[in-house]
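The structure appears right after this line, and notes come after that.
The values are calculated or read from the model by the stated rules, or taken from the named source; none is laboratory data. Everything numeric in this text was worked out from a predicted model, so none of it was measured. Counting neighbours? That spans all protein chains shown, and the Cβs are built from the backbone with ideal geometry, glycine included. Accessible surface areas use protein heavy atoms only, side chains included; no ligands, DNA or RNA. Shrake-Rupley method; radii C 1.70, N 1.55, O 1.52, S 1.80 Å.
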Amino acid sequence: MFDELAHQYKGRIIRTPVGERHLASKMMELLPTLPPTEEVFGGEGSCGGFMLPTVNNTRDGILAAAKVIDLLARRKKKISELVAELPHFETTREIITAPIEASYKVMDMMKKTLRTGGVAFEEIDRDIRIARSDE
């Protein structure tokens, strides 16, 4: 969904390895490079954490709630109406438990299988993001 919204609003997505510290570091690196008309913000998908480094460079639920309230007040709509405007996607996450040595072999086998099958995917550090077929 974020890829589609970034495209719609002429933004860009920069993916980092999983973990709040990677995201926080990348955002702090980007802040001094931005023109005054742009903003950087981020989030951790596993927990829904929202980060706005110009205010607080860590997940901040109170800030996220304040931003939602601000949006509701400015748009004068119910939250259900705003959610209905968003593109709908489903996500699947699989957790595979294995000893660390075996996990590297499993990841290598997955990448080989995906390449052989012509499935588009992106490697971000040790993570794999499988793209939708229409991306």
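Report the Rg/Rh value for the stretch 25-88, based on alpha-carbon coordinates and the Kirkwood definition of Rh.
Looking at the stretch 25-88, the ratio lands at 1.02.
Treating only the Cβ atoms of Lys and Arg (+1) and Asp and Glu (-1) as charged, compute the dipole magnitude of the chain about its Cα centre; round to the nearest 20 debye.
Approximately 200 debye in magnitude.
Accessible area per residue, 1.4 Å probe, Å², for the chain: what's the number?
Ligands and nucleic acids excluded, the result is 79 Å² per residue.
What is the helix-to-structure angle for 100-116, meaning the angle in degrees between its Cα long axis and the longest Cα principal axis of the chain, kept from 0 to 90 and rounded to the nearest 10?
90
Can you give me the C-alpha center-to-center distance between the stretch 110-133 and the stretch 79-101, rounded to a whole angstrom?
The stretch 110-133 and the stretch 79-101 have Cα centres separated by 17 Å.
Among 10/112; 10/76; 10/111; 26/111; 10/78; 10/77, which pairs are too far apart, with a Cα-Cα distance over 29 Å?
Pairs exceeding 29 Å: 10/112; 10/111.
Relative to the compact-globule scaling 2.2 N^0.38 Å, provide the ratio for the alpha-carbon radius of gyration of the stretch 55-135.
Details: Rg = 19.3 Å, N = 81, 2.2 N^0.38 = 11.7 Å.
That ratio works out to 1.65.
Summarise the accessible area of the chain (1.4 Å probe, protein heavy atoms) by the percent that is carbon and sulfur.
Within the chain, the accessible surface is 57 percent carbon and sulfur.
Give the aspartates and glutamates whose C-alpha is closer than 18 Å to that of residue 105, dropping any in the same chain fewer than 8 places away, or say none.
Of all the aspartates and glutamates, those that pass the test against residue 105 - Cα under 18 Å, at least 8 places apart if same chain - are 94, 122, 123, 125, 127.
I'd like the Karplus ³J(HN,Hα) series for the stretch 79-87: coefficients 6.51, -1.76, 1.60, θ = phi - 60°, whole numbers in Hz, and an x wherever there's a Gly or Pro.
Residue by residue, the stretch 79-87 yields 4, 5, 5, 5, 4, 5, 6, 7, x Hz.
Apply 1/(1 + (r/R0)^6) to the Cβ-Cβ distance of residue 62 and residue 116, taking R0 = 41 Å, and write down the FRET efficiency to the nearest 0.05.
Computed FRET efficiency for residue 62 and residue 116: 0.30.
For the pair residue 8 and residue 38, what calculated FRET efficiency results from E = 1/(1 + (r/R0)^6), where r is the Cβ-Cβ distance and R0 = 22 Å, to the nearest 0.05?
Working: r = 16 Å, r/R0 = 0.73.
That pair, residue 38 with residue 8, gives E of 0.85.
Does the stretch 87-132 classify as rounded, prolate or oblate by the C-alpha gyration tensor (a ≥ b ≥ c root eigenvalues; a/c under 1.5 gives rounded; else a/b over b/c gives prolate, otherwise oblate)?
Working: a/c = 2.27, a/b = 1.42, b/c = 1.61.
Oblate, because a/c is 1.5 or more while a/b does not exceed b/c.
Among (i) 30, 23, 13; (ii) 31, 19, 16; (iii) 63, 23, 11, which is the computed semi-axes √(5λ) of the Cα gyration tensor in Å?
Only one listed value fits the structure, namely (ii).
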